[in-house]
Every structure is written in structure tokens, then in C-alpha cells.
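Below: one structure, written as C-alpha cells.
Taken together, the values in this text are just the output of simple stated rules run on the coordinates, not laboratory data. Model, not experiment: these values are computed from the prediction. Positions of Cβ are generated from backbone atoms using ideal geometry, with glycine treated the same way; all protein chains shown enter the neighbour counts.
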Amino acid sequence: MNDIEICTMSEEDIDSILYISALSFPIPWSRESFINELHNKFARYVVAKKNGIIAGYGGTWVIIDEAHITNIAVHPEYRGIGIGNTIVSSLIDLCKKEKVSVMTLEVRHSNIVAQNLYKKFGFVEEGIRKEYYEDNREDAIIMCKTDF
């Protein structure tokens, strides 16, 4: 996967990120939300580029020694080739450097592909957030990683 490059998200990346977000989520984030994240001292966002094209992105909030993954998305045309792996791995590496002791996230109960990706990196199911998702009231599975 050496043709996948991870970069820190910049304002120039937002149009591509918005497009991927719209293709990936029933209720995608707004431009303003991503711009706000660029100025949020807790936020760390990366983009994954394949052959110079933004193919995915991911973000986490780091507060003291805890991190919460806010979102990860891969363009549908680039799924299944390791981009998600690379994004998760880069977020974990970033958290290691910042001495994080626990990472958390929520994932749709129906999103087995994402759950399996997170499990591969040591995330375990810790609980359920009932009716968490606004679009269809689907439950979210809370997953945590503590082994760094």
C-alpha cells in the first residue's frame, strides 16, 4: 500500500471530503463543520491520497489522554484496497504519539465491515447507544481500544 499517502487535512481538501462524506453517510457533515474542525484544538484529521487523489479521510478528537474517532470515510470507488486500514492505523499512530490511553468510537449496528476493521486494530465492543443515529434511529455500538 505504499501508494497510499496520509496527510494532515487542510482547507483545500474540504471539497473532496464533502463529496466522500455525501457518498458515505445518510446525514453528511457540512462544510462549516469541517472548517470548524480545522480550528478545533482537540481535532486531528487526516486524508488518505491514492496516486494524489483524496480517497478517504478520518478524524479524532484528542482530549488529555483520551481520543474519540469522529468519522472515517472512504470513497466507494476506493473501498476494499486498504485505505480504511491505513486511515485507522494513522489515527492510532497519532494517538500513540500524543500518549493517548484509550480511543473510543461509535459505529452503526448494521456496519459489520467497519466493526471488523476496528476489531482488527484491537477495538472491542463496550456498549450500545440506543437509537443514536438521527436518520433511522439505529443503535450505535460503542467500541474502545486500550492496548497501545
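What the table shows:
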| read-out | value |
| --- | --- |
| Members of the stretch 1-23 found to be closer than 20 Å to residue 90 by Cα and surrounded by 13 or more Cβ atoms within 10 Å (Cβ to Cβ), listed by number | 4, 5, 6, 7, 9, 13, 14, 16, 17, 20, 21 |
| Checking residue 81 against (1) farther than 20 Å from residue 148 by Cβ; (2) among the hydrophobic types (A, V, I, L, M, F, W, C); (3) exposed (fewer than 13 other Cβ atoms within 10 Å of the Cβ); (4) out of contact with any helix residue (DSSP H, G or I) (no Cβ under 8 Å at 6 or more places or on another chain), the condition it does not meet | (3) |
| Qualifying residue in the stretch 59-67 (condition: of a type in the set (Ser, Thr, Tyr), touching a strand residue (DSSP E or B) at 6+ places or on another chain (Cβ under 7 Å) and in a strand (DSSP E or B)) | yes |
| Qualifying residue in the stretch 30-46 (condition: part of a loop (DSSP other than H, G, I, E, B) and of a type in the set (Phe, Trp, Tyr)) | yes |
| Of all residues in the stretch 24-38 being more than 17 Å from residue 77 (Cβ to Cβ) and among the hydroxyl-bearing types (Ser, Thr, Tyr), the one that is surrounded by the fewest Cβ atoms within 10 Å (Cβ to Cβ) | 30 |
| Any pair with Cβ under 8 angstrom, 6 or more apart, that starts in the stretch 128-139 at a residue that is on the phi > 0 side of the Ramachandran plot and ends at one that is exposed (fewer than 10 other Cβ atoms within 10 Å of the Cβ) and of a type outside the set (A, V, I, L, M, F, W, C) | 131/137 |
| Count of residues meeting criterion [closer than 25 Å to residue 15 by Cβ, free of Cβ contacts under 8 Å to residues at least 40 places away in the same chain and part of a helix (DSSP H, G or I)] in the stretch 77-97 | 4 |
| Every residue from the stretch 98-143 that is among the acidic types (Asp, Glu) and either in a loop (DSSP other than H, G, I, E, B) or closer than 20 Å to residue 29 by Cα (or both) | 98, 106, 131, 134, 135, 138, 139 |
| Criterion (touching a Cys at 6+ places or on another chain (Cβ under 8 Å), touching a residue at least 40 places away in the same chain (Cβ under 8 Å) and crowded, with 19+ Cβ neighbours inside 10 Å) met by exactly one of 62, 74, 46, 102 | 46 |
| Residues satisfying the stated conditions in the stretch 65-100, i.e. within 19 Å of residue 16 (Cβ to Cβ) and charged (D, E, K, R) | 77, 79 |
